[in-house]
1. What number do you get for the chain when its Cα radius of gyration is normalised by 2.2 N^0.38 Å, N = residues?
2. For the stretch 143-273, what value does the Rg/Rh ratio take when both radii are computed over Cα atoms and Rh is the Kirkwood radius, given to two decimals?
3. When the chain is fully extended, how far beyond the present Cα-Cα distance does residue 113 get from residue 140, taking 0.36 nm per residue of separation?
4. Distance from the Cα centre of the stretch 174-225 to that of the stretch 230-252, in angstrom?
5. With no solvent and one point on each alpha carbon, what is the Debye value of log10 I(q)/I(0) for the stretch 10-79 at q = 0.12, 0.22, 0.27 Å⁻¹?
6. Mind jotting down the distance between the C-alpha centroids of the stretch 96-127 and the stretch 1-73, whole Å?
7. Multiply the residue gap between residue 14 and residue 290 by 0.36 nm, knock off their C-alpha separation, and tell me the result in nm, one decimal place.
8. Taking 35 Å as R0, compute the FRET efficiency from the Cβ-Cβ separation of residue 71 and residue 124 and round it to 0.05.
């Protein structure tokens with residue numbers, strides 16, 4: 001299995017033009033002042049399922065023939081990949097089964113059900129859900145949609161970075177959250193073609209460092225998965241994104257969950273943006289490196305906005321948001 005190339009990204013964009021409008025990218029005076037840079041926020045939180053992954057799901061299912069669509073799809077996810085595949089399946093008329101952890105985000109689980117997918121709540125963490133989903137696919141003949149090792153997903157997601165670079169050319173860097181790594185790999189492919197001097201920086205939770213450790217060591221590794229940040233919750237590296245990231249990712253940061261939560265509060269207060277934890281991870285990475293990027297133009301991918309009521313309540317009662325000095 002080979003990673004997509006930029007021609008695949010352009011083909012994905014043509015497909016998506018029939019299904020999704022471009023999402024906005026803005027910079028905000030209060031956020032710029034707080035960070036000390038011009039910060040362009042790419043608002044994938046406003047997608048119809050509240051997350052960037054819908055781009056990949058549509059591109060993948062658009063490639064299926066009628067017999068493949070009839071057999072349906074199965075996916076495992078903490079939520080956003082699930083919604084992406086459920087949304088695409090509904091759009092193309094394919095049966096869909098989604099496996100999510102037993103204690104899944106209620107908002108994401110409700111979205112999967114509302115999209116008409118069969119929802120299986122089984123497994124404690126994402127990696128256990130994957131095993132269950134693969135077993136269901138083997139028993140039913142449905143297509144198992146791997147959340148990382150699927151070229152069409154990466155090509156679809158890369159269109160978000162294409163849109164960002166068209167809206168805000170000459171960026172010095174783009175910060176991207178990393179779970180499976182599809183978003184970071186996608187950003188690398190798009191930036192290499194459209195803005196070769198732009199650095200791409202991945203950000204992952206220190207409580208689930210498998211992608212970071214795989215990137216650093218040059219081999220796929222398993223690591224403990226203890227993060228509370230759903231979209232970053234993976235316990236092993238994914239081969240296809242890692243192939244791209246090893247060659248093209250410029251830097252990779254590990255941050256504590258608490259630092260990512262603080263970035264969520266900053267987005268709420270300074271950019272009028274409700275982001276889930278993974279959606280704020282890119283900004284958390286920039287905040288950690290703000291001295292390095294002072295006075296520069298930087299993009300952050302707000303990958304999703306599917307925060308639960310409990311998550312938002314905790315954010316709003318945990319403390320005061322960061323403010324400019």
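Nothing in this text is a laboratory measurement; each read-out follows from the coordinates by a stated rule. This structure is a prediction, so every number in the text was calculated from the model and none was measured. A quick note on method: Cβ atoms are made from the backbone with ideal geometry, for glycine too, and the neighbour counts reach across all protein chains shown.
1. 0.91
2. Result for the stretch 143-273 is an Rg/Rh of 0.97.
3. Full-extension gain reported as 7.7 nm.
4. What the calculation gives is 4 Å, centre to centre.
5. Log-scaled intensity ratios, in q order: -0.49, -1.03, -1.19.
6. 21 Å
7. Details: separation 276, 0.36 × 276 = 99.36 nm, distance 3.60 nm.
Roughly 95.8 nm would be gained on extension.
8. 0.75
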